[in-house]
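First up is the structure itself, then whatever we jot down about it.
Quick note: the coordinates plus some simple rules give every number you see, no bench work behind them. All values reported here derive from a predicted model rather than from experimental measurement. Positions of Cβ are backbone-derived with ideal geometry, glycine not excepted, and every protein chain shown enters the neighbour counts.
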Amino acid sequence: MKNTILAIVFVAVSVLGAKAQSSANVKVNVVLNPTLSISLGSGANNGSAYDEVTLEYKSAQDYTNGVDTLVAKQLKVTSIGSGYRVKAALSNGGQFTKSAGLGIESIDASQLLQIGLGSAANGKTAAATMDFDNVGGDSNASSSVLNKELDVYYRAKDLNEGEIKQLLGNNATKNSTATYTVDVVYTIAAN
């Protein structure tokens, strides 16, 4: 019996000792990669993949002063690991094309439109390509942003009589309207 108890104790000590001496090491790596993305934000129409902004001249004051709108939270950007800049490209080589009315077929967007990020103070005359620099700070990781929403400002410039005749057409009546359209494609790049 004494031998049996010693054998049981010996086996128990051996098993406990074996468990105490065995181990498994697991190395866990977390890798953070820089990333850039841009999409429509919560201020866009219905959160769809396409948004539309309409600037409409309705009065003599509109033609004299221009018309504008600020679309709050229209764009959403993520820039991890660097500052960022937002760029824009206009369709048709920067030309507004007539989609309705009697006026000229197309007009250079720079003659009619300004676009800015944030407010009217930083509006740029619309060109075929635009670079909104200094939006996302410097080019170090401390300027990273995640899902930051940006306001976008649009302004249709004031027009003189000659420009109005050109855009609306010489034979316009009080019921005539002219609509010109251009697509703006925003992209993001590292600063």
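A compact table of results
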quantity	calculated
Those aspartates and glutamates that a straight Cα-Cα span of less than 19 Å connects to K87, excepting residues fewer than 8 apart in one chain	D51, E52, D108, D131, D133, D138, E149, D151, D183
Karplus-derived 3J(HN,Hα), 6.51/-1.76/1.60, for each residue of region 24-41, Hz, glycine and proline x	9, 9, 10, 9, 10, 10, 10, 10, 10, 10, x, 8, 10, 8, 9, 8, 6, x
Net dipole in debye of region 35-190 [+1 Lys, Arg Cβ; -1 Asp, Glu Cβ; about Cα centre; nearest 20]	140 debye
Inter-label distance, nm, simple model (7 Å from Cα along the C-beta direction), D133/Q95	3.0 nm
When each of K73/K165; K73/K98; K58/K124 is checked by Cα-Cα distance, pairs over 30 Å	K73/K165
Spin-label pair A24/T181, simplified geometry with 7 Å Cα→Cβ offset, distance in nm	6.1 nm
Amide H contacts under 5 Å for I188, placed H, 5+ residues apart	K87
Exposure proxy order (Cβ contacts within 10 Å, fewest to most) of Y50, Y154, Y84	Y50, Y154, Y84
Whether region 27-85 is rounded, prolate or oblate, judged on the alpha carbon gyration tensor where a/c under 1.5 counts as rounded	prolate
